[in-house]
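Each remark here refers to the structure printed beneath this line.
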Amino acid sequence: MIETGTVIKAQDGNIAVQFKRKTDCEKCKMCMFSENSNIFEIEFENTVNASAGDIVSVEMPKRIVLFSSFIVYIIPLLFCAAGLFLGYFIWGEIAAIALSAAFIALGFVFIILLEKYLNKTKKLKKPVVTAIVKKKIES
């Protein structure tokens, strides 16, 4: 997946890149950004010597996009199903509801811990700035 964004700040070997939210993102509703905001900003290592005002392309491997989607959507669903199954067959319907809610919370805790582990071990490849698409015209 390749996106383009505008560098809004370059400092200390890092750049802040501003992106416009795509229509696919609007449908998702899983984003931490407010629904009214169609612009968001992410910081990257400045691997292409970009400066403020440049338009850069950022690449995230498709495999990582799919893996991230799996983690965000499927893991909580699996935890919920496990809670429903255990609660219903061990204690009954009321316990199934309570246990499924608790297991969803556990699923999110698991996701947070998994993210920390993957970041610590560098097993989760982060998006990378690959090129300067358009240099800012100096006036």
(request) Of all residues in segment 106-124, count the ones that are surrounded by 13 or more Cβ atoms within 10 Å (Cβ to Cβ) and not acidic (Asp, Glu). (result) 8
(message) So in segment 1-50, with the set limited to residues that are of a type in the set (Gly, Ala, Ser) and more than 15 Å from the chain's Cα centre (by Cα), which one is modelled with the lowest pLDDT?
(response) SER37
(request) Kindly list, by first and then second residue, each pair from a residue in segment 116-139 that is in a helix (DSSP H, G or I) to a residue that is surrounded by 11 or more Cβ atoms within 10 Å (Cβ to Cβ), limited to pairs with Cβ atoms under 7 Å and residues at least 6 apart or on different chains. (result) LEU118/LEU124
(message) Step by step: first the residues of segment 90-105, then only those that are among the small types (Gly, Ala, Ser) and at pLDDT 90 or above, then the one that is surrounded by the most Cβ atoms within 10 Å (Cβ to Cβ). Which residue is that?
(response) SER100
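The values are calculated or read from the model by the stated rules, or taken from the named source; none is laboratory data. Remember, predicted model here, so these are calculated numbers, not experimental data. FYI the Cβ positions are ideal-geometry reconstructions off the backbone, even for glycines, and counts take in every protein chain you see.
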